[in-house]
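The values are calculated or read from the model by the stated rules, or taken from the named source; none is laboratory data. Here the structure is a predicted model, which means the values were calculated and not measured. Neighbour counts run over all protein chains shown; Cβ positions are idealised from the backbone, glycine included.
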Amino acid sequence: MEKTARRIEVLAAGTIKSRPRQSPPEKLAGIYETVIELLDKFAPGALVLEDVFYHKNVRSTLRLGEVRGVCGLAAAQRGIEVYTYAPRRVKKATVGNGSAGKDQVRTMVRVLLGLEEEPASLDLSDALALGITYFQDYNFPSETN
């Protein structure tokens, strides 16, 4: 994502998929390698991650923490600042209500970014909402587009 004088633009968006038969370390390695490629390609000024939230399933919480760790490592190795936001903060920034549902976030992401369609997945809309929150929180020199 990039903030211009008039709006926040989505330069590229997607999800990283792993193969079901990969071991957890192989999945993490694949995520790490993909994040490295994206950081090298786009050279962002920051990486924005969602704070780990606590699932009833401890294993899921641990896996999310591992993924955040490899993403943060990739950014740190390139001198890219990492920012984190709690899910309630992101919902408040995009919908105006920290208790909003994921579908509400998805709809507002489409509106705020001027997208023709809603993001293809809830994971993707959550990621775009993180970017919106970041750009709302920090002032940047905008391009003159």
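In region 1-43, the qualifying residues are those that are of a type in the set (Asp, Glu) and in a strand (DSSP E or B), and the one that is nearest to Glu116 (Cα to Cα) is Glu9. Of all residues assigned to region 72-95, at least one qualifies as being in contact (Cβ under 8 Å) with a residue 24 or more places away in the chain and acidic (Asp, Glu).
For Gly79, the conditions (1) closer than 21 Å to Phe42 by Cα; (2) part of a loop (DSSP other than H, G, I, E, B); (3) not assigned by TED's automatic domain parsing to the domain that holds Leu47 all hold with the exception of (3).
Checking every residue in region 103-116 against the condition of being polar (S, T, N, Q), in a helix (DSSP H, G or I) and in contact with a Lys or Arg (Cβ under 7 Å, 6 or more places away or on another chain) gives zero matches.
Scanning for something among the basic types (Lys, Arg), surrounded by 12 or more Cβ atoms within 10 Å (Cβ to Cβ) and out of contact with any strand residue (DSSP E or B) (no Cβ under 9 Å at 6 or more places or on another chain), does region 29-44 turn up at least one residue? Scanning region 29-44, I find no residue that is among the basic types (Lys, Arg), surrounded by 12 or more Cβ atoms within 10 Å (Cβ to Cβ) and out of contact with any strand residue (DSSP E or B) (no Cβ under 9 Å at 6 or more places or on another chain), so the answer is no. Taking the listed residues Thr15, Thr61, the one that is farther than 20 Å from Gln136 by Cβ, hydroxyl-bearing (Ser, Thr, Tyr) and touching a Ser or Thr at 6+ places or on another chain (Cβ under 7 Å) is Thr15, with no other qualifying. Here Leu62, Leu11 are screened, and the one residue that is surrounded by fewer than 14 Cβ atoms within 10 Å (Cβ to Cβ), free of Cβ contacts under 8 Å to residues at least 12 places away in the same chain and not basic (Lys, Arg) is Leu62.
When Val90, Val109 are checked against the criterion of being surrounded by 15 or more Cβ atoms within 10 Å (Cβ to Cβ) and touching a strand residue (DSSP E or B) at 6+ places or on another chain (Cβ under 9 Å), a single residue qualifies: Val90. Tell me, please, whether a residue that is in a helix (DSSP H, G or I) and under 21 Å from Ala129 (Cα atoms) can be found in region 44-58. No: region 44-58 contains no residue that is in a helix (DSSP H, G or I) and under 21 Å from Ala129 (Cα atoms).
Given the criteria more than 25 Å from Leu115 (Cβ to Cβ), touching a strand residue (DSSP E or B) at 6+ places or on another chain (Cβ under 8 Å) and either without any contact (Cβ under 8 Å) to a residue 40 or more places away in the chain or not in a helix (DSSP H, G or I) (or both), does Arg68 qualify? Yes, satisfied. If you filter region 80-123 down to residues that are among the acidic types (Asp, Glu) and under 27 Å from Gly69 (Cβ atoms), you find that the one that is modelled with the highest pLDDT is Glu81. Residue check: Ser125 meets all listed conditions (1) small (Gly, Ala, Ser); (2) over 14 Å from the mean Cα position of the chain (by Cα); (3) surrounded by 14 or more Cβ atoms within 10 Å (Cβ to Cβ) but one, namely (2). Looking across Arg6, Arg78, Arg19, one residue alone is more than 15 Å from the chain's Cα centre (by Cα) and within 19 Å of Val109 (Cα to Cα). It is Arg6.
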